[in-house]
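The values are calculated or read from the model by the stated rules, or taken from the named source; none is laboratory data. What you see is a predicted model; the values in this text were computed from it and never measured. Note that we place each Cβ from the backbone using ideal geometry, even for glycine, and neighbour counts take in every protein chain shown.
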Amino acid sequence: MFHLSKFAWLVLQPLSLAFLLALCGLLAGLLRRNRLRIILSTAGIVVLFVTLFTTAGTMALQALEARFPQPETEGSPGCILVLGGGFDGDVTRLRGGVALNQGAERYVEALRLALLHPQAKILISGGDGSLTGGYEDDGTIARRMFDSFGIAADRLLLDPQSRNTFENAKNSALLIRQNGLGTCLMITSAFHMPRAVGMMRKAGVSITPWPVDYRTDGNTGFHLDFTEPMRLAERTSTALREWLGLAGNYLAGRTDSLFPAP
């Protein structure tokens, strides 16, 4: 299932889909299937235009981000659960150290909370989620990062095996029960929170959602936008991946709700 989902996403992400539609349209033209060529080429252009020059993806993303608002206070957590995805694996592997990516706020916020609540254990759930392998897991990198800020190693619990959200939930549930951690603050990107919460609930884990890493302002309506096509493409791709993940995991019985709510 893991490898199938990875390959499916290679095809279904918007820019890849637009390319494949255009390529199939070209092949249809070479085979003199002109009607099919027009349909496929038009579909590719529509996908590309919506992705690059409209705020459709932004709206889809902000709907995900708005699902779980951040609590007003964190209380006194006994556990801080961080879902992996905040490190740049390529740069870290080749240059060493701790290279952060766009999801860095997951670990910045975890560090802030760890310093604020010295009694809390920190559970890092994230392994090598690539198809090729050969990358450090998030826990190993996070250990270096937290150590440099004076966070004791005995506060860390590591799950280096999880390659996706389903495995995050399954492995984290086991570690939480084994260590008697009770309810944990769960830190992940706001757009990813609905899918993560759904799977954690299915695994029987009690968590308090702590969303970070917002990518939208939350107030965008639909309009054309010709100023930042690559940023719009990134938002559309991120939103589509999450919505497909929500649907796929619900159909596979990995969550009890199509769009989990607070």
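For region 162-183, residues that are of a type outside the set (D, E, K, R) and under 14 Å from LYS202 (Cα atoms) total 8.
Name the single residue that is surrounded by the most Cβ atoms within 10 Å (Cβ to Cβ) among those in region 149-168 being touching a residue at least 40 places away in the same chain (Cβ under 8 Å) and not charged (D, E, K, R). Filtering region 149-168 for residues that are touching a residue at least 40 places away in the same chain (Cβ under 8 Å) and not charged (D, E, K, R), the one surrounded by the most Cβ atoms within 10 Å (Cβ to Cβ) comes out as ASN168.
Screening SER257 against (1) touching a helix residue (DSSP H, G or I) at 6+ places or on another chain (Cβ under 9 Å); (2) not in a loop (DSSP other than H, G, I, E, B) leaves a single unmet condition, (2). Among the residues here, ALA196 does not qualify as in a loop (DSSP other than H, G, I, E, B) and of a type outside the set (D, E, K, R).
When region 72-111 is limited to residues that are more than 20 Å from the chain's Cα centre (by Cα) and more than 20 Å from PHE146 (Cβ to Cβ), the one that is modelled with the lowest pLDDT turns out to be LEU94.
Scanning region 41-77 for residues that are among the charged types (D, E, K, R) and surrounded by fewer than 20 Cβ atoms within 10 Å (Cβ to Cβ) yields ARG67, GLU72, GLU74.
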